[in-house]
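Please treat every number below as a calculation from the coordinates, not as lab data. Quick caveat: nothing in here was measured; it's all calculated off a predicted structure. Note that we place each Cβ from the backbone using ideal geometry, even for glycine, and neighbour counts take in every protein chain shown.
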Amino acid sequence: MKRWFVLSAIGQDRPGLVAELAQLVYDCDANLEDSRMTILGTDFA
């Protein structure tokens, strides 16, 4: 049975942030199905 989760993250943009989030998903034995990212001023969302 598939389970779906939504992850929403907003914080100060910095190098490696997306890689760290992707690693957390991987460490939970999960997959990223879709992704949307943007910069809001100095923040990453």
Taking mean projected area of the Cα convex hull in nm² straight from the coordinates, which label in [x] 3.6; [y] 5.9; [z] 3.4 is the correct one? [z]
Tell me, what HN-Hα J-couplings in whole Hz come from the Karplus equation 6.51 cos²θ - 1.76 cosθ + 1.60 at θ = phi - 60° for each residue of region 17-27, using x for Gly and Pro? 4, 5, 4, 5, 5, 5, 5, 4, 4, 4, 4
Over the chain: helical MRE at 222 nm, DSSP H runs n ≥ 4 each giving -39500 (n - 2.57), nearest 500: -7500 deg cm²/dmol
Amide H of PHE44 versus every other amide H placed in the peptide plane: which residues, excluding those fewer than 5 positions away on the same chain, fall under 5 Å? GLY11, GLN12, ASP13
Using θ = phi - 60° and the Karplus relation 6.51 cos²θ - 1.76 cosθ + 1.60, list the HN-Hα couplings for region 4-11 in order, rounded to whole Hz, with x at every Gly or Pro. 10, 10, 10, 10, 10, 9, 9, x
Give me the number: length gained by fully extending SER35 to ALA9, i.e. 0.36 nm times residue separation minus the C-alpha to C-alpha distance, one decimal in nm. 8.2 nm
When Lys and Arg each count +1 and Asp and Glu each count -1, what net charge do the other residues less than 13 Å away from ASP13, Cβ to Cβ, add up to? -1
Here region 32-40 yields Karplus 3J(HN,Hα) values (6.51, -1.76, 1.60; θ = phi - 60°; whole Hz; Gly and Pro given as x) of 8, 8, 8, 8, 9, 9, 7, 9, 10
